[in-house]
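The values are calculated or read from the model by the stated rules, or taken from the named source; none is laboratory data. Worth saying up front: this structure is predicted, and the values here are computed from it rather than measured. Counting neighbours? That spans all protein chains shown, and the Cβs are built from the backbone with ideal geometry, glycine included. Note: areas computed on protein heavy atoms with side chains; ligands, DNA, RNA excluded. Shrake-Rupley method; radii C 1.70, N 1.55, O 1.52, S 1.80 Å.
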Amino acid sequence: MKKLIIIPVVSYLMLFFGNSVYGQTNSDSLINGAMTLELKNDTLFSNTGLKIFAGQKLIVGKAACEDGYYRSVISKNAAIVPSIWGQDMRFENAIENHVNKKQSREKVKRDLLPGSLVTIKKIRFSKTGKPYFYLATISSDTDDYSCDIKLALILKELLLQP
């Protein structure tokens, strides 16, 4: 009779203890579409506990577009089209609506190789295009680029270092 009671109790304790031991948070749980960001000085704080700051190193991920172009990363020479009359409904994100020479897009595609490291140089709140977003200047070994930091993390075009 005691064995019948002990087995479920031990099983329950093992399940409960196993779930409570996992104290580390997975970066996937920190980065999601509902994540909100707030800029204080040179650091972005999210409601999920994520901190993104100038000087932080990120890993370049795979480009989100099928043709190998990045949706969230643009050349430093590209100009984001201002949304004078509201959001351009052709684009889901403001950074995608930019004026950029084809050779600049090719340079971004060629220079940002998955697995390479980039460093965040500066973060600012951009009100150029709607919806507003946090524009980060990132630096690779070869050049500087601009990116919508939240979109880049959600699309996994930029990844946090473990």
* Asked: farther than 9 Å from GLY129 by Cα and loosely packed, with under 15 Cβ neighbours inside 10 Å: does that describe LYS101?
  -> yes
* Structure fact -> Flagged in the range 106-162 as buried (at least 16 other Cβ atoms within 10 Å of the Cβ), in contact with a strand residue (DSSP E or B) (Cβ under 7 Å, 6 or more places away or on another chain) and basic (Lys, Arg), in numbering order, are LYS107, LYS150
* Mind counting the residues in the range 140-162 that are among the small types (Gly, Ala, Ser) and under 15 Å from the mean Cα position of the chain (by Cα)? => 2
* Of all residues in the range 99-121, count the ones that are among the hydrophobic types (A, V, I, L, M, F, W, C) and without any contact (Cβ under 8 Å) to a residue 40 or more places away in the chain. => 2
* To do: Please enumerate the residues belonging to the range 83-100 that are part of a loop (DSSP other than H, G, I, E, B) and touching a Lys or Arg at 6+ places or on another chain (Cβ under 9 Å).
  => SER83, GLY86, GLN87, ASP88, GLU92, ASN93, ASN97
* Residue check, ALA94 against (1) modelled with pLDDT under 95; (2) surrounded by fewer than 20 Cβ atoms within 10 Å (Cβ to Cβ); (3) under 18 Å from THR36 (Cβ atoms), all met but one. Which one? -> (2)
* Asked: Is the range 7-26 home to any residue that is open to solvent by 80 Å² or more (accessible area, probe 1.4 Å) and modelled with pLDDT of 90 or more?
  -> no
* To do: For the range 101-133, name all the residues that are assigned to a strand (DSSP E or B) and of a type outside the set (Lys, Arg).
  => LEU117, VAL118, THR119, ILE120, ILE123, PHE125, SER126, PHE133
* Asked: For the subset of the range 51-91 comprising residues that are free of Cβ contacts under 8 Å to residues at least 40 places away in the same chain and over 17 Å from SER126 (Cβ atoms), which member is least open to solvent (accessible area, probe 1.4 Å)?
  -> CYS65
* To do: Name the single residue, out of those in the range 30-59 being farther than 22 Å from PRO114 by Cα and small (Gly, Ala, Ser), that is modelled with the lowest pLDDT.
  => GLY33
